[in-house]
Amino acid sequence: MKPTYQPDSKLDLSFTRVVDVPRSLVWRAWTEPELLKPWFCPLPWKTIACAIDLRPGGVFRTTMQSPEGLEYPNEGCYLEVIPNEKLVWTNALLAGYRPSKPAATCGSDDAEFLFTAAVELADHAHGTRYTATVIHADEAGCKQHAAMGFEGGWGTALDQLVAMIKKGI
């Protein structure tokens, strides 16, 4: 049976954009640690470490570094992997589907919320249709993520991803 997702505007944040780069290269940028690190955080933040075990139950781990040098590790688990089409992961589970506890997210000690994220890719006449969706456990977590600048931050990271691809990967 296929899992179903029912959007909920009180719990979910999402945006869709068309980017003028091939879907296969966007996929590589999301699934190869050395390609993910340069673009994953909006500058001047950096992603200084990344581990990817690209399979359901596999780890998705990053460490972000603030401009002040503070490090923020983030760990999650892939739930769904459809090559060149869809990645779904959550910070509610660690690798092997081991339950997790909320941890500081995206470099904010007071931003602790559980989420499941999906990136969906589709061919488009002008490149790739890119949809990012983050679903939250509760309204407070969703509001907190929105206040942190979800669309601006994820959008800036996407711009960095596209610029990296255009420079050549």
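The values are calculated or read from the model by the stated rules, or taken from the named source; none is laboratory data. Not measured: the values here are computed from a predicted model. As a convention, Cβ positions derive from the backbone with ideal geometry for all residues, glycine included, and neighbour counts pool all protein chains shown.
Of all residues in the range 62-84, which are within 22 Å of residue 25 (Cα to Cα) and out of contact with any helix residue (DSSP H, G or I) (no Cβ under 8 Å at 6 or more places or on another chain)?
Passing the criteria: 78, 79, 80, 81, 82.
So which residues in the range 118-149 are within 12 Å of residue 15 (Cβ to Cβ), among the hydrophobic types (A, V, I, L, M, F, W, C) and in contact with a helix residue (DSSP H, G or I) (Cβ under 9 Å, 6 or more places away or on another chain), if there are any at all?
119, 132, 134
Quick one: residue 10 ticks every box in (1) surrounded by fewer than 13 Cβ atoms within 10 Å (Cβ to Cβ); (2) of a type in the set (D, E, K, R); (3) under 17 Å from residue 85 (Cβ atoms) except a single one, so which number is it?
Going through (1) surrounded by fewer than 13 Cβ atoms within 10 Å (Cβ to Cβ); (2) of a type in the set (D, E, K, R); (3) under 17 Å from residue 85 (Cβ atoms) one by one, residue 10 breaks only (3).
Using the structure shown, decide if residue 41 is at pLDDT below 95 and under 14 Å from the mean Cα position of the chain (by Cα).
Yes.
What is the one condition in (1) in a loop (DSSP other than H, G, I, E, B); (2) surrounded by fewer than 15 Cβ atoms within 10 Å (Cβ to Cβ); (3) in contact (Cβ under 8 Å) with a residue 60 or more places away in the chain that residue 67 does not satisfy?
(3)
Looking at the range 8-27, which of its residues are touching a residue at least 24 places away in the same chain (Cβ under 8 Å), assigned to a loop (DSSP other than H, G, I, E, B) and within 23 Å of residue 114 (Cα to Cα)?
8, 10, 11
Just to be sure I understand the filter: pairs with C-beta atoms under 8 Å, separated by 6 or more residues or on different chains, first member in the range 28-51 and polar (S, T, N, Q), second member part of a helix (DSSP H, G or I) and modelled with pLDDT of 95 or more. Which pairs pass?
47/36
Name the residues in the range 18-27 that are among the charged types (D, E, K, R) and exposed (fewer than 15 other Cβ atoms within 10 Å of the Cβ), would you?
20
If residue 56 satisfies all but one of (1) surrounded by 14 or more Cβ atoms within 10 Å (Cβ to Cβ); (2) more than 18 Å from residue 151 (Cα to Cα); (3) at pLDDT 95 or above; (4) touching an Asp or Glu at 6+ places or on another chain (Cβ under 7 Å), what's the number of the condition it fails?
Among (1) surrounded by 14 or more Cβ atoms within 10 Å (Cβ to Cβ); (2) more than 18 Å from residue 151 (Cα to Cα); (3) at pLDDT 95 or above; (4) touching an Asp or Glu at 6+ places or on another chain (Cβ under 7 Å), residue 56 violates only (1).
Out of all the residues in the range 75-90, which are among the hydrophobic types (A, V, I, L, M, F, W, C) and in contact with a strand residue (DSSP E or B) (Cβ under 7 Å, 6 or more places away or on another chain)?
Within the range 75-90, 77, 79, 81, 87, 88, 89 meet the criteria.
Kindly list, by first and then second residue, each pair from a residue in the range 130-153 that is closer than 29 Å to residue 22 by Cα to a residue that is part of a helix (DSSP H, G or I), limited to pairs with Cβ atoms under 7 Å and residues at least 6 apart or on different chains.
Partner pairs satisfying both residue conditions: 130/26; 130/158; 132/154; 134/145; 134/150.
List the strands (runs of 3 or more DSSP E) inside the range 70-169, counting only whole elements, that have at least 3 residues being surrounded by fewer than 15 Cβ atoms within 10 Å (Cβ to Cβ).
71-82, 108-112, 115-124
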